[in-house]
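Student: My structure is below; once you've seen it, I'll send some questions.
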Amino acid sequence: DTAVSQTPKYLVTQMGNDKSIKCEQNLGHDTMYWYKQDSKKFLKIMFSYNNKELIINETVPNRFSPKSPDKAHLNLHINSLELGDSAVYFCASSPQSGNTIYFGEGSWLTVV
Amino acid sequence: AQSVTQLGSHVSVSEGALVLLRCNYSSSVPPYLFWYVQYPNQGLQLLLKYTSAATLVKGINGFEAEFKKSETSFHLTKPSAHMSDAAEYFCAVSGEAGNQFYFGTGTSLTVIP
């Protein structure tokens with residue numbers, strides 16, 4: 001059983017398209033995250049949700065919109081994709097007080 | 001505010017040699033500190049974490065890290081490197097709130113046969 005699962009794992013799409021990445025966790029955690037990892041392996045937090053409420057929203061273009069229908073799901077929608085959006089996007093979750101983050105396997109996004 | 005600094009973006013060691021990956025933290029409160037490993041084309045996996053129970057923390061795959069408050073360090077070590085240890089290693093810090101979680105810039109470990 002995968003603890004944090006995200007789909008799709010690989011996504012190749014053209015500039016200007018709109019795409020979504022889905023994430024689900026079956027750990028019962030209250031907090032979920034989206035991280036972006038660039039080609040230099042830098043990990044940058046994008047969003048954090050706690051019990052469906054947005055609590056961290058770093059400086060991210062508003063083309064990126066997270067949606068949390070319930071505390072087990074946090075989806076990432078990206079409008080008008082640009083070449084610079086090419087990266088690996090990681091979903092993660094943590095218990096509210098446990099302070100360990102559990103990562104999904106990543107979604108490799110390539111914009112051409 | 002919390003942050004971590006990883007010294008050395010690339011480290012190469014010979015197989016069987018000591019692995020030492022450096023991490024220094026900055027935190028205004030007692031921190032939670034973590035080391036994660038990322039194998040090629042995979043997600044991040046927790047190696048170990050420090051939560052103030054003991055200054056020497058043992059993790060998976062023979063890795064350990066020592067919390068040194070006087071040096072604000074949390075370096076990762078392994079006595080003998082294996083080829084399978086080649087990966088990207090990330091140090092991370094979290095405050096008591098748990099919602100703020102910051103990663104270092106990563107250290108790529110190469111193991112030479």
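The values are calculated or read from the model by the stated rules, or taken from the named source; none is laboratory data. Note that the structure is predicted; figures quoted are calculated from it, not measured. Cβ atoms come from the backbone with ideal geometry, glycine included; neighbour counts cover every protein chain shown.
Student: Where residues in segment B:61-83 are touching a residue at least 24 places away in the same chain (Cβ under 8 Å) and exposed (fewer than 12 other Cβ atoms within 10 Å of the Cβ), which of them is nearest to the other protein chains (Cβ to nearest Cβ)?
Tutor: Going through segment B:61-83, the residues touching a residue at least 24 places away in the same chain (Cβ under 8 Å) turn out to be B:61, B:63, B:65, B:67, B:71-83.
In the following step, the residues that additionally are exposed (fewer than 12 other Cβ atoms within 10 Å of the Cβ) were identified as B:71, B:79, B:83.
On the way: B:GLU71: 22, B:PRO79: 25, B:MET83: 20 Å.
Applying the filter and picking the extreme gives B:MET83.
Student: Filter segment B:35-58 down to the residues that are more than 12 Å from chain A (Cβ to nearest Cβ) and under 17 Å from B:LEU21 (Cβ atoms) and list them by number.
Tutor: At the first step, the residues of segment B:35-58 found to be more than 12 Å from chain A (Cβ to nearest Cβ) are B:53-58.
B:LEU56, B:VAL57, B:LYS58, listed by residue number.
Student: Still on this structure, please answer the following. Please go through segment A:93-112 and pick out each residue that is more than 8 Å from chain B (Cβ to nearest Cβ) and buried (at least 18 other Cβ atoms within 10 Å of the Cβ).
Tutor: The answer is A:SER93, A:SER107, A:LEU109, A:VAL111.
Student: Moving to a separate point now. How many residues are in a strand (DSSP E or B) and modelled with pLDDT of 95 or more if we restrict to segment A:75-102? Reasoning before the result, please.
Tutor: In the first step, residues of segment A:75-102 are kept if they are in a strand (DSSP E or B); the result is A:75-78, A:87-94, A:102.
Checking the rest, the ones that are also modelled with pLDDT of 95 or more come to A:75-78, A:87-91.
Qualifying residue count for the region: 9.
Student: Any idea which of (1) within 14 Å of chain A (Cβ to nearest Cβ); (2) in contact (Cβ under 8 Å) with a residue 12 or more places away in the chain; (3) of a type outside the set (Val, Ile, Thr); (4) closer than 23 Å to A:MET46 by Cα is the one B:HIS10 doesn't satisfy?
Tutor: All conditions are met except number (4).
Student: Could I ask something else about it? Quick test of your reading of the structure: B:VAL93 fulfils all but one of (1) in a loop (DSSP other than H, G, I, E, B); (2) at negative phi. Name the failing condition by number.
Tutor: So B:VAL93 meets the others, but not (1).
Student: Using the structure shown, decide if A:THR13 is over 15 Å from the mean Cα position of the chain (by Cα), more than 22 Å from B:TYR102 (Cα to Cα), surrounded by 13 or more Cβ atoms within 10 Å (Cβ to Cβ) and in contact (Cβ under 8 Å) with a residue 24 or more places away in the chain.
Tutor: Details: over 15 Å from the mean Cα position of the chain (by Cα): yes; more than 22 Å from B:TYR102 (Cα to Cα): yes; surrounded by 13 or more Cβ atoms within 10 Å (Cβ to Cβ): yes; in contact (Cβ under 8 Å) with a residue 24 or more places away in the chain: yes.
The answer is yes for A:THR13.
Student: Taking segment A:76-92, which residues are buried (at least 19 other Cβ atoms within 10 Å of the Cβ) and more than 7 Å from chain B (Cβ to nearest Cβ)? Even if it seems obvious, please write down each step before you answer.
Tutor: Initial filter on segment A:76-92 (buried (at least 19 other Cβ atoms within 10 Å of the Cβ)): A:76, A:78, A:81, A:85, A:87-92.
Those that are buried (at least 19 other Cβ atoms within 10 Å of the Cβ) and more than 7 Å from chain B (Cβ to nearest Cβ): A:LEU76, A:ILE78, A:LEU81, A:ASP85, A:ALA87, A:VAL88, A:TYR89, A:CYS91, A:ALA92.
Student: Is it true that some residue in segment A:43-65 is within 14 Å of chain B (Cβ to nearest Cβ), hydroxyl-bearing (Ser, Thr, Tyr), assigned to a strand (DSSP E or B) and buried (at least 17 other Cβ atoms within 10 Å of the Cβ)?
Tutor: Yes, because at least one residue in segment A:43-65 is within 14 Å of chain B (Cβ to nearest Cβ), hydroxyl-bearing (Ser, Thr, Tyr), assigned to a strand (DSSP E or B) and buried (at least 17 other Cβ atoms within 10 Å of the Cβ).
Student: For segment A:24-41, how many residues are surrounded by 15 or more Cβ atoms within 10 Å (Cβ to Cβ) and within 11 Å of chain B (Cβ to nearest Cβ)?
Tutor: Looking only at that region, the number is 8.
Student: Which of (1) part of a loop (DSSP other than H, G, I, E, B); (2) in contact (Cβ under 8 Å) with a residue 40 or more places away in the chain; (3) under 19 Å from B:GLN45 (Cα atoms) does A:TYR35 not meet, given it meets every other one?
Tutor: Status for A:TYR35: all satisfied but (1).
Student: Which members of segment B:1-60 meet the condition of being assigned to a strand (DSSP E or B), crowded, with 18+ Cβ neighbours inside 10 Å and more than 14 Å from the chain's Cα centre (by Cα)?
Tutor: Across segment B:1-60, the qualifying residue is only B:VAL13.
Student: Kindly indicate the residue of segment A:20-47 that is among the aliphatic types (A, V, I, L, M) and in contact with a Cys (Cβ under 9 Å, 6 or more places away or on another chain) and also modelled with the lowest pLDDT among those meeting that condition. Give the steps one after another, and end with the answer.
Tutor: Looking only at segment A:20-47, we keep the residues that are among the aliphatic types (A, V, I, L, M), and these are A:21, A:27, A:32, A:43, A:45-46.
Right, trim to in contact with a Cys (Cβ under 9 Å, 6 or more places away or on another chain) and you get A:21, A:32.
Details: A:ILE21: 98, A:MET32: 91.
Among residues in segment A:20-47 that are among the aliphatic types (A, V, I, L, M) and in contact with a Cys (Cβ under 9 Å, 6 or more places away or on another chain), the one modelled with the lowest pLDDT is A:MET32.
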